[in-house]
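Visitor: I have a structure here, written as structure tokens, and I will follow up with some questions on it.
The values are calculated or read from the model by the stated rules, or taken from the named source; none is laboratory data. Everything numeric in this text was worked out from a predicted model, so none of it was measured. Reconstructed Cβ throughout: ideal geometry from the backbone, glycine too, with neighbour counts over all protein chains shown. Heavy atoms of the whole protein, side chains included, go into the accessibility calculation; ligands, DNA and RNA do not. Shrake-Rupley method; radii C 1.70, N 1.55, O 1.52, S 1.80 Å.
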Amino acid sequence: MANNVVDFYVLPEGCIAKIISLTEPRDACRLSLVSPIFRSAAESDSVWDSFLPADCQSLISLSSSPNLVSYGSKKELYLSLCEKPLLIDDGAKSFSLDKLTGKKCYMLSARDLSIVWSSTPLYWRWISLPESRFEEVAELLHVCWLEIRGKIHTSMLSAGTIYAAYLVFKTTEGTHGFDALPVEAGFGLVGGGDSCKRTVYLDAGDLRRPRYHYNPPGGRSILDILQFEQGEREGHENENQNPKERRDGWFEVELGDFFNSGAQDGELEAFVLEIKEGNWKSGLIIQGIEIRPKGRDCK
């Protein structure tokens, strides 16, 4: 049996590189520790070019400053796209790669979203923040009808991947109207009828606040209150309903997920909607909606 054991060290470096290219980026990094010949193969352009999306150069060309994407090797290009999201479509979107898998990630800026009343200064205003990756963000001043929608084509995403959509936002000192207010959210194909819908909460200012304190205008019966509190207890079991703080200092909440098989040809829509209770809301700052592989950390 010993004679049947393959000694990888006698294989040509190009052959080892081909084998490594069939794995994932994290595997390539691990294999680079095996030996000098594995390290040389794992660092080669042929390996890291296989981890880059086939349309990578096309996406880079969509940037207003493609010349800023400088690199000495395909690995450097890969890591740059992982760590520094690239603005594309005249700054309306950002594109990046998931570091462990190389899957494509996008964020739709607030300007790229459909936000009801966003062009009315009485309800929304557009401001610049140094901590945002986009030139402008949308600040909610005062609305009772909250509706935010963003769309992206399935062809832009990596095939064979479960994607999730996340609303990326901040709150201001004057935030009100979101205290334990259930907000409808979803993510799925436009007109497909199979959108992943859920209830989320946007009161990121105090995540420990008991949600059953919320009492909408008009009051509720005892039965309604009991049903509401039961739903709240069940909701607490699902952490995806609540905002989480990102490494970049913003908050995000998951709106839903979708498996992109690569066979579908259509447009995906993510949305946030609160139009039922009629209470006035203010104090959110919307950076955008991020669409990335589910379970992966934000940039």
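Visitor: For the stretch 98-113, take each phi angle, set θ = phi - 60°, evaluate the Karplus expression 6.51 cos²θ - 1.76 cosθ + 1.60, and give the result in whole Hz per residue in order, putting x for glycine and proline.
Guide: 6, 5, 7, 10, x, 5, 6, 10, 9, 10, 8, 5, 4, 5, 8, 9
Visitor: A further question follows. So for Arg198, Arg247, what's the accessible-area order with a 1.4 Å probe, most first?
Guide: On the way: Arg198 45, Arg247 170 Å².
The ordering from most to least exposed comes out as Arg247, Arg198.
Visitor: HN-Hα J couplings of the stretch 23-32 from phi, Karplus 6.51/-1.76/1.60, θ = phi - 60°, integer Hz, Gly and Pro as x?
Guide: 9, 10, x, 5, 5, 4, 5, 5, 5, 5
Visitor: How much net charge surrounds Gly91 when only other residues with a Cβ under 13 Å from its Cβ are counted (Lys, Arg +1; Asp, Glu -1)? Provide the component values of the computation, followed by the final result.
Guide: Details: positive: Lys93, Arg111, Arg133; negative: Asp89, Asp90, Asp112, Glu135, Glu136.
Taking every Cβ under 13 Å from that of Gly91, the sum is -2.
Visitor: Give me the net charge of Ala110's neighbourhood, meaning all other residues with Cβ under 15 Å from the Cβ of Ala110; Lys, Arg count +1, Asp, Glu -1.
Guide: On the way: positive: Lys93, Arg111, Arg125, Arg133, Arg149, Lys151, Lys170; negative: Asp89, Asp90, Asp112, Glu131, Glu135, Glu136, Glu139, Glu147, Glu252, Glu290.
Net local charge, Ala110 excluded: -3.
Visitor: Oh, and also: Pop out the ³J(HN,Hα) list for the stretch 254-263 in order, Karplus 6.51 cos²θ - 1.76 cosθ + 1.60 with θ = phi - 60°, rounded to Hz; leave Gly and Pro as x.
Guide: So the J values, rounded to whole Hz, are 6, 9, x, 9, 7, 8, 8, 6, x, 8.
Visitor: From largest to smallest, what semi-axes in whole angstrom does the stretch 20-62 give when each is the square root of 5 times an eigenvalue of its alpha carbon gyration tensor? Present the calculation step by step, with values, prior to reporting the outcome.
Guide: On the way: eigenvalues 117, 17, 10 Å².
Taking √(5λ) for each Cα gyration eigenvalue gives 24, 9, 7 Å.
Visitor: How large is the accessible surface of Val34 in square angstrom, using a 1.4 angstrom probe and rounding to the nearest 10?
Guide: Roll a 1.4 Å probe over it and Val34 shows about 70 Å².
Visitor: While we're on this one: Under a point spin-label approximation (7 Å from Cα along Cα-to-Cβ), what is the Asp265-Thr172 distance to one decimal in nm?
Guide: 4.5
Visitor: Around Ser128, with a cut-off of 12 angstrom between Cβ atoms, what is the net charge of the other residues, counting Lys and Arg +1 and Asp and Glu -1?
Guide: Details: positive: Arg111, Arg125, Arg133; negative: Glu131, Glu135, Glu136, Glu139.
Value of the local net charge: -1.
Visitor: Another question, then. Based on the Cβ-Cβ distance from Arg296 to Val10, what FRET efficiency comes out when R0 is 51 Å, to the nearest 0.05?
Guide: After rounding, the FRET efficiency stands at 0.85.
Visitor: Go through Glu83, Glu131, Glu277 and list them by solvent-accessible area, largest first, probe radius 1.4 Å. Walk me through the numbers on the way to the answer.
Guide: Working: Glu83 110, Glu131 80, Glu277 55 Å².
In descending accessible area the options line up as Glu83, Glu131, Glu277.
Visitor: Additional query: Between Leu79 and Lys151, what FRET efficiency follows from the Cβ-Cβ distance if R0 is 30 Å, with the result rounded to 0.05? Intermediate values should be presented prior to the final figure.
Guide: Values: r = 30 Å, r/R0 = 0.99.
Using R0 = 30 Å, I get an efficiency of 0.50.
Visitor: Heads up, I need the accessible area for Asp55: 1.4 angstrom probe, whole protein in place, Å², nearest 10.
Guide: 50
Visitor: For an R0 of 22 angstrom, estimate the FRET efficiency from the Cβ-Cβ distance between Thr120 and Asn279 and round to the nearest 0.05.
Guide: Details: r = 19 Å, r/R0 = 0.85.
In this case the efficiency is close to 0.70.
Visitor: Right, here's the next one. Keeping all protein chains in position, work out how much accessible area Thr172 exposes to a 1.4 Å probe, and write it in Å² to the nearest 10.
Guide: 40
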